[in-house]
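Novice: Structure in structure tokens, see below.
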Amino acid sequence: MHISPVLWQFLVKWLNSSALFPREASTIAPYTDALYFFLLLITVVGLVLVGALVFGFALRYRAERHPVAEQIEGSTLLEATWTIIPLALFLVTFVWGALLYFRIYTPPANAMNIYVVGKQWMWKAEHPGGQHEINALHVPVGRPVQLTMISQDVFHSFSIPDFRVKREVIPGRYSTVWFQATEPGTYHIFCTQYCGTQHSGMIGEVTAMTPEDYKKWTEQSTSGMSLAQNGERLFASMGCNSCHSGNAASRGPNLAGVYGSKLQLANGSQVLVNDAYLRDAILNPSQHVTAGYSPIMPTYQGQISEDGLIDLVEYIKSLDSNYRVQQTLTTSDSSNQAAPNTPGMVKP
Amino acid sequence: MSTTIVRLPDQATAQMPKRSYLNNEHGLLSWLLTGDHKRIAILYLISISFFFLLGGIFAGLIRLELLTPQPDLMASDTYNKMFTMHGVVMIFLFLVPSVPATLGNFLIPIMIGAKDLAFPKINLLSWYLYMVGGVLTLAALVLGGVDTGWTFTTPLSTHYLNTNVVTAATAIFIAGFASIFTGLNFIVTIHRMRAPGMTWFRMPLFVWANYAASILMVLGTPVLAITLVLVALERTIGIGVFDPTKGGDPLLFQHLFWFYSHPAVYIMILPGMGVISEVISTFSRKRVFGYTAVAFSSVAIALFGFFVWAHHMFIMGVSNYSALVFSLLTMLVAVPSAIKVFNWSFTLQKGSITFETPMLYAFAFIGLFTIGGMTGVFLGSLGMDIHLTETYFIVAHFHFVMVGGMLMAFLAGIHFWWPKMTGRMYPESFSKLSAVTSFIGFNLTFMPQFVLGYLGMPRRYHAYPAEYQVLNVLSTAGATVLGIGFLLPLLYLGWSLKYGKIAGNNPWQATGLEWQIQSPPLTENFTEIPVIDYEAYDYEWLAHKTEQEVTVG
């Protein structure tokens, strides 16, 4: 049989470029793959065992060889065996899987944080230094990176198969995932939760870079304003500073140093102030009244985009003292025009 | 150790009975207004075959689109409608009613020695509701389709799509009641209408399996119904149950939806397991190994099946404790399935095995269901689930259970009871060819999808990176073979209605009560109420009875 050399070349190239196993490009990947191979092993062993039993019995006891069936009621011993052994294997799988789960979803304390906003149909990454990316994510290798993610509309799911990490991106609440890339290179980002028409277009690339390259990249791609700086402007233009001025007599609680603290609420409960709390407190203030203050803050639901909320949260996180707030107060009084057109800041 | 004599075929001298449920009354109305469980089963069989064909066409178009990485056969919206309609039709209009509403309807009363189900009119109503659901689904399709995915995920379905969501939800809502009524009928019939001597532990395992599935239908389906009502209300008048900007919780939808839709998996597979027990026992002429364990494992699956729903939500930010509990329970629900697989295997031991078509399908079931079940353990394992969920791995997994398991069991059952339902045999060589073709086609279709899933290819993707093409081409090639394998039965079963060999009462020499009456049965099933004084799968009793008949005859 003769095959055209062009077709042959095409086939060889096509087969060579096809993938069979994802790259192991994060610190998590080897752990995930180990569990995968263990599961694969018990599946194959189980399948071979069942196959051997079925085929063995089918050949040995086929009607031509074994014309008369012998009735057997059952066997408690055998049945106990094939209850206990699978159960034990499944329990091992359970424990192993749980350990891996906590490893994947518990970020180390020193992880650098990047915000990701999912919307139909794109991924927006916001670095604290003010780098904004769409359908792309630049990260350094060898350093844990935590993503704090939120959706602006429907459920999405952020997946990097080569890192073996994935997490649902949910409207109205932050979810986090972390990874530490090991190999410089580019890897797929997929949205894995069906999110409407362009679901399969909601893809991107994560670029893992050596620390030096990463440093170069951050310097070259910054918009010139960090998230906290954007937040500062928003803080002024929304008039937050008129109540949260940091003065003892002000109507709103002091925000300096509030991030990470335990806050006593008016309803008697105590909460840890984290990103999610700050976001909620801006959108639904009446449910998060700090003890000693009256519930006068209006809701900002529908007035600030998720990007704007991230800016505000970053700003509040950055406040160690009230110096900046008061600075903002004075500047915003004199030159309100300066509150600039930060991208996606205020929804009309 | 006692012995059993192998088959005495009564086919050679068999004649079609003069009177049967098929020719008792004539005319379309006698079918459309019938209260006979056997006729309703036939109505159901025709309708679900139609919807299976429809769902299969959608599947074919999906696989054809995925032949190339680029979106070139249809627009993204069309593709999204394709997989939505494929899911909706296959799950709600084919898999859920498949075995219970056809084989179950036909056989359960006969197997326990009753003349009909407890509520024949409710049974007929069930078929009409199913048809209303089916017609509404077709309406949603004709009016422009629906593209929510069969999972109706909020807030996508409530706020972001302008397709026929409410029509489709109404269709499923109504079809749900068809399934509730079937379940209700089975439960009452099995509790109240067993013939004298038919104790719980003399019932065939098929009845046990359908009983377990019925409990799931009756308890689970209302939750789906109310969830769909909430979706429709949120979509039309904007109540804030799931919408976070109105104080709703989008995860609540996931909880409610999977509270039905996970047990629904067991609604689909349990009756199939019942079929496999019957088939394996019959063709190895042997009592099912560990009858009690198999019976109770059906009930255990039904029971545990209600407490594993959150394993669909491991990556959605459920609390760590609930993730742990649901993962553990998922591992436990896998055990009864493992027990069944080993019990079926050991049923073969020391049997006298023949390899008719139903047995081939049953072997395919055991192999494919084992893979489907084991890959379920992958997904139940918390850390593994993170990488595998929402990819083609999960697509392959549930197709191994639903198609490799359930559909193979359904075909096993259809071939097995075809002689009883129609009085005629299907052609053996064609049907063996079809069984082998579907097995090969199935593996070729879905094995590559496991690899694709581990590579990370997300499900419901219209276009995909070029390096995944080879595996997708394999999968599409397999789907073509599979399609042929599934089309063949449609043709030769139709042919056999007129030209098939006359079957006789008991062509398989099986022990079930249904095989002790004429084929096709009388409208009233039994001329006199049978008295059961033997266990299920008692081949010695059968041999004894046959011997006597021969002497008398």
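No lab work stands behind these numbers, since they all come straight from the coordinates. As the structure is a computational prediction, the values presented were derived from the model and not from experiment. Positions of Cβ are backbone-derived with ideal geometry, glycine not excepted, and every protein chain shown enters the neighbour counts.
Novice: Once the piece of chain linking B:V142 and B:Q548 is laid out straight, how much longer is it, given 0.36 nm per residue of separation minus the C-alpha distance between them?
Specialist: Gain on extension, B:V142 to B:Q548, equals 140.2 nm.
Novice: Once both labels are modelled 7 Å past Cα along the beta-carbon direction, what's the A:L59-B:S319 spacing in nm?
Specialist: That separation, rounded to one decimal, is 5.5 nm.
Novice: Moving on to the next point. Out of residues 5 or more away from A:L319 or on other chains, whose amide H comes under 5 Å of its own, with H placed 1.01 Å from N in the peptide plane?
Specialist: A:G257
Novice: Follow-up. Give me the dipole magnitude in Debye, nearest 20, for region B:33-552 about the Cα centre, with unit charges on the beta carbon: positive for Lys and Arg, negative for Asp and Glu.
Specialist: 500 debye
Novice: Given 10 °C and 1.306 mPa s, compute D for chain A with the Stokes-Einstein relation, Rh being the Kirkwood radius over Cα pairs; round to the nearest whole µm²/s.
Specialist: Approximately 65 µm²/s, per Stokes-Einstein.
Novice: Picking from A:Q287, A:G97, B:T13, whose Cα lies most toward the positive end of the charge dipole for the protein assembly as shown (charges on Cβ: Lys, Arg +1; Asp, Glu -1)?
Specialist: Checked the options; the winner is B:T13.
Novice: Angle between the Cα long axis of helix A:29-60 and the longest principal axis of chain A, 0 to 90 degrees, nearest 10?
Specialist: That helix lies at roughly 30 degrees to the long axis.
Novice: Write down the Kirkwood hydrodynamic radius of the protein assembly as shown, to one decimal in angstroms, obtained as one divided by the mean of 1/r over all alpha carbon pairs.
Specialist: When all Cα pairs of the protein assembly as shown are included, the Kirkwood radius is 29.9 Å.
Novice: While we're looking at this one, here's another question. Post the alpha-carbon centroid distance, region A:97-145 to region B:75-135, in whole angstrom.
Specialist: About 46 Å separates the Cα centre of region A:97-145 from the one of region B:75-135.
Novice: Can you tell me the dipole magnitude for the protein assembly as shown around its Cα centre, using point charges on the Cβ only (Lys, Arg +1; Asp, Glu -1), in Debye to the nearest 20?
Specialist: The dipole magnitude comes to about 1120 debye.
Novice: Using just the helices of the protein assembly as shown, give the 222 nm mean residue ellipticity in deg cm²/dmol: DSSP H runs with n ≥ 4 each add -39,500 (n - 2.57), and the total is spread over all residues, rounded to 500.
Specialist: Only helices count here, giving -18000 deg cm²/dmol.
Novice: So who's got an amide H within less than 5 Å of the one on A:I72, skipping anything under 5 residues away but keeping other chains? H placed 1.01 Å off N, in plane.
Specialist: B:R287
Novice: Calculate the FRET efficiency for A:T81 and B:Y499 from the Cβ-Cβ distance with a Förster distance of 60 Å, rounded to the nearest 0.05.
Specialist: 0.75
Novice: Calculate log10 I(q)/I(0) of region B:33-552 for q = 0.05, 0.06, 0.07, 0.09 Å⁻¹, where I(q) comes from the Debye formula with a single equal point scatterer on each Cα and nothing for solvent.
Specialist: Scattering profile of region B:33-552, log10 relative to I(0): -0.19, -0.27, -0.37, -0.62.
Novice: Restricting to lysine pairs 8 or more places apart or on different chains, what number in region B:33-552 have Cα atoms under 27 Å apart?
Specialist: Close lysine pairs under the 27 Å cut-off: 28.
Novice: Let me ask another. Compute the FRET efficiency between B:L233 and A:V68 as 1/(1 + (r/R0)^6), taking r as their Cβ-Cβ distance and R0 = 60 Å, and round to the nearest 0.05.
Specialist: 0.40
Novice: Roughly how many Å is it from the Cα centre of region A:42-77 to that of region B:445-464, as a whole number?
Specialist: 35 Å
Novice: Residues of B:535-546, mean number of Cβ from any other protein chain within 10 Å of their own Cβ, rounded to a whole number?
Specialist: Across B:535-546, the average partner-chain Cβ count within 10 Å equals 1.
Novice: Continuing with this model, one more query. Nearest 5 percent is fine: what portion of the DSSP beta bridges confined to the protein assembly as shown is antiparallel?
Specialist: Of the beta bridges lying entirely in the protein assembly as shown, close to 75 percent run antiparallel.
Novice: Next question. Enumerate the amide H contacts of A:A136 below 5 Å, restricted to partners 5 or more residues apart or on another chain; note that Pro and chain-start residues carry no placed amide H.
Specialist: HN-HN under 5 Å from A:A136: A:A125, A:E205.
Novice: Ok, one more. Please compute, for peptide A:81-93, the average count of beta-carbon atoms on other protein chains lying within 10 Å of each residue's beta-carbon.
Specialist: 6
Novice: Taking the mean number of other Cβ atoms within 10 Å as a proxy for protection, how do you rank B:332-340, B:521-529 from highest to lowest?
Specialist: Put in order of decreasing packing, that is B:332-340, B:521-529.
Novice: If you put +1 on each Lys and Arg Cβ and -1 on each Asp and Glu Cβ, how big is the dipole of chain A around its Cα centre, in Debye rounded to 20?
Specialist: Here the size comes out at about 80 debye.
Novice: Please report, ordered by residue number, every helix of chain B (full DSSP H runs) that is 27 Å or longer along its axis going by C-alpha atoms and whose mean Kyte-Doolittle hydropathy reaches 1.0.
Specialist: Membrane-span-like by this rule: B:37-65, B:120-142, B:165-192, B:205-236, B:250-283, B:320-347, B:357-380, B:469-499.
Novice: Whole-Hz Karplus ³J(HN,Hα) for region A:280-293, in order, using 6.51 cos²θ - 1.76 cosθ + 1.60 and θ = phi - 60°, x for Gly and Pro?
Specialist: 5, 5, 6, 7, 10, x, 5, 8, 9, 7, 5, 4, x, 10
Novice: Of the listed peptides A:33-39, B:462-468, what is their order by residue-averaged count of other C-beta atoms within 10 Å, with the highest listed first?
Specialist: Going from most to least packed, we get B:462-468, A:33-39.
Novice: List A:S294, A:S18, A:S159 from most exposed to least, where exposure is judged by having the fewest other Cβ atoms within 10 Å.
Specialist: A:S294, A:S18, A:S159
Novice: How big is the gap, in Å, between the Cα center of region B:498-526 and the Cα center of region B:178-247?
Specialist: Between the Cα centres of region B:498-526 and region B:178-247 lies a distance of 31 Å.
Novice: Another question, if that's okay. I'd like the Karplus ³J(HN,Hα) series for region A:131-142: coefficients 6.51, -1.76, 1.60, θ = phi - 60°, whole numbers in Hz, and an x wherever there's a Gly or Pro.
Specialist: Whole-Hz 3J(HN,Hα) from phi for region A:131-142: 7, 10, 9, 10, 6, 8, 8, 9, 9, x, 7, x.
Novice: Kindly state, to the nearest 0.05, the FRET efficiency for B:L490 paired with B:W31, given R0 = 25 Å and r defined as their beta-carbon distance.
Specialist: Once the sixth-power term is evaluated, E becomes 0.80.
Novice: Over the Cα atoms, compute the radius of gyration (one decimal) and Dmax (the largest Cα-Cα distance, rounded to a whole number) for region B:282-432, in Å.
Specialist: Using the Cα atoms of region B:282-432, the pair Rg, Dmax is 18.1, 57 Å.
Novice: Also: What's the extension gain from B:D533 to B:L433 if we count 0.36 nm per residue and subtract their Cα-Cα distance?
Specialist: Going from the current span to full extension adds 32.0 nm.
Novice: Let me ask something additional. Would you tell me the mean number of C-beta atoms belonging to other protein chains that fall within 10 Å of each C-beta in B:352-359, as a whole number?
Specialist: Other-chain Cβ atoms within 10 Å of each residue's Cβ, averaged: 4.
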